[in-house]
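The block underneath contains the structure these notes are about, expressed in structure tokens.
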Amino acid sequence: MKIYSGQCEEGTCGTPTKLVDSWGNSLFVGDIVSIATNERGMWGFHGLSAVVEDRPNLVGRTDSLIPHFIMGLYSIDWSNPEQWLIHKVKDWKDCVDGEHWKQYGFNYKP
């Protein structure tokens with residue numbers, strides 16, 4: 001199964017990454033995560049997103065060098081737990097073909 005942003009393929013679900021959420025859970029391509037940030041002591045929920053591959057940069061790379069990121073957080077360092085909370089809320093294995101998260105911009109297809 002693949003994950004898409006609209007009609008653009010964003011990765012193969014289940015591909016391991018080096019990413020972990022704020023609780024240390026390993027993240028895989030296709031996992032769904034929640035995103036929250038802390039601004040001046042107040043936490044705000046920013047919705048859901050998904051773990052994807054950096055598809056435009058695959059040319060000439062080996063699988064071990066393919067970078068992964070959370071859709072919408074490509075160039076953001078979200079490793080600071082006092083500013084960011086990233087929580088794995090749905091494992092890629094629990095997603096089904098045809099599942100569509102229209103409000104967040106991703107969907108799953110065979």
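The values are calculated or read from the model by the stated rules, or taken from the named source; none is laboratory data. Just so it is clear, the model here is predicted, and its values are computed rather than measured. Note that we place each Cβ from the backbone using ideal geometry, even for glycine, and neighbour counts take in every protein chain shown.
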Review point. Which one of these does H87 not meet: (1) at pLDDT 95 or above; (2) assigned to a loop (DSSP other than H, G, I, E, B)?
Key: (2)
Review point. Quick one: what pairs do we get from segment 77-92, first residue farther than 12 Å from L19 by Cα, second surrounded by 15 or more Cβ atoms within 10 Å (Cβ to Cβ) and acidic (D, E), C-beta under 8 Å, 6+ apart or different chains?
Key: K90/D31; D91/D31; W92/D31
Point to revise | Failed condition for G98, given (1) out of contact with any His (no Cβ under 8 Å at 6 or more places or on another chain); (2) assigned to a strand (DSSP E or B); (3) modelled with pLDDT of 95 or more | key: (2)
Point to revise | Per-region count, segment 83-98, residues over 13 Å from the mean Cα position of the chain (by Cα) and surrounded by fewer than 16 Cβ atoms within 10 Å (Cβ to Cβ) | key: 6
Practice item. Output the number of the condition that T62 fails; it satisfies all remaining conditions of (1) modelled with pLDDT under 95; (2) among the β-branched types (V, I, T); (3) crowded, with 17+ Cβ neighbours inside 10 Å. Key: (3)
Study note, to complete from the structure: Here the residues within segment 70-82 that are surrounded by 14 or more Cβ atoms within 10 Å (Cβ to Cβ) and either part of a loop (DSSP other than H, G, I, E, B) or more than 15 Å from the chain's Cα centre (by Cα) (or both) are M71, G72, L73, W78
